[in-house]
Amino acid sequence: MPDKNFFSAIVDRKEGDLVVLEMQFGHEVIIPEIYCPRGIGDGSVLKISIEYDREGTIKRKKEIQDMLKQ
């Protein structure tokens, strides 16, 4: 599995300060509008990427282990 995935989502609607995205296979994802580019509206197509932060994960695990040792 690659460390980075790209896909598209369609803006279905805005609900206050939230944006409802229509994903593949009928899934919906709701995110705060602050994370979306300016100028989007109903029907806008967004390119989305999700990247695994290996270094951030290692750091986070170490922080949790350190907290549990205290």
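Below are the figures for this structure:
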item: Mean Cβ count within 10 Å, highest first, over the residues of peptides 20-27, 9-16, 53-60; result: 9-16, 20-27, 53-60
item: Approximate spin-label separation residue 22-residue 47, in nm, with each point projected 7 Å along Cα-to-Cβ; result: 2.2 nm
item: Distance from segment 55-70 to segment 24-42 (C-alpha centre basis), Å; result: 32 Å
item: Cα-derived Rg to Rh of the chain, Kirkwood definition; result: 1.15
item: Pairs of lysines in the chain (C-alpha under 24 Å apart; 8 or more residues apart or interchain); result: 7
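Rule-based calculations on the coordinates, nothing more; no lab input. Worth saying up front: this structure is predicted, and the values here are computed from it rather than measured. Cβ sites come from the backbone with ideal geometry, for glycine too, and all protein chains shown count toward neighbours.
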